[in-house]
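Shown next, in structure tokens, is the structure this report addresses.
No lab work stands behind these numbers, since they all come straight from the coordinates. Everything quoted here is computed from the prediction, not taken from an experiment. Methodologically, a virtual Cβ is constructed for each residue, glycine included, from the backbone with ideal geometry; neighbour enumeration extends over all protein chains shown.
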Amino acid sequence: MSRTDLKKGRTNQKLRTRKALLDAADHLVNSGFKPTLADVAEEAMVSRATAYRYFPSLDALLLEVALDRKVSTPEQILQGADKEDVAERVALVHDFLHNLVTENEQQFRLFLKASMDQSLQIDEDSDTPLRGARRIPMLSLALEPSKEKLDQETFDKLLYALSAMVSVEPFIALTDVCQIEPERGKEIMLWAVKLLVNATLR
């Protein structure tokens, strides 16, 4: 196994740990319990120290839990999508995430602030993920048909480039920096992601 594969494996494990904490918190809250971070750690069967590495406070954890409940699975987003039209498949992911951010803008801004604050507090060498990376499996599934045409390096470049073009970060850049209304911003980013996909597959 290569070093890249080992690193990817560790990253996936850390993302699973992060998701386990979110699921544990969601379960406790839905059970009518007001948990502490220690309670969530126990429910997720991880140490309290591990829980604090992923979430610096209970508020940060519960904020993400509220957003996590609203996120559809990649399969749900792409249900009924054309299996050959990669650009349209990516467009479905883009539209889902844009609409999710638009409908929950305040929560997403608070979530982004919490992750940025945490990034300033952790060690530079830490590889604990600050975010759930939910867009990656969505885009990866959308791009699945392109694997027949692209080598792995190009596929990865396209995947990561698109991940920078969807969800809350481009939304904030367009609304705050460019002073563009959300619907106009949606049109612009949709044009951009389709342009990138089609140019790569040409």
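The table below gives the values:
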{"item": "Eligible aspartates and glutamates near LYS34 by straight Cα distance, threshold 15 Å, same-chain separation 8 or greater", "result": "ASP23, ASP26, GLU42, GLU43, ASP59"}
{"item": "Alpha-carbon centroid distance for the pair region 152-188 / region 28-67, whole angstrom", "result": "30 Å"}
{"item": "Within the chain, helix-based [θ] at 222 nm, where runs of 4 or more DSSP H residues each add -39,500 (n - 2.57), nearest 500", "result": "-21000 deg cm²/dmol"}
{"item": "Residues ARG69 and PHE33, FRET efficiency given R0 of 22 Å [Cβ-Cβ distance, rounded to 0.05]", "result": "0.85"}
{"item": "Two-decimal Rg/Rh across the chain, once Rg and the Kirkwood Rh are taken from alpha-carbon atoms", "result": "0.98"}
{"item": "FRET efficiency, SER57 to GLU187 (Cβ-Cβ, R0 22 Å, nearest 0.05)", "result": "0.05"}
{"item": "Sites LEU120 and THR154 - FRET efficiency at Förster radius 25 Å, r taken between beta-carbons, to 0.05", "result": "0.15"}
{"item": "Per-residue Cβ neighbour rank within 10 angstrom, fewest leading, ARG16, ARG109", "result": "ARG16, ARG109"}
{"item": "Likely footprinting exposure, MET189, MET138, fewest C-beta neighbours within 10 Å first", "result": "MET189, MET138"}
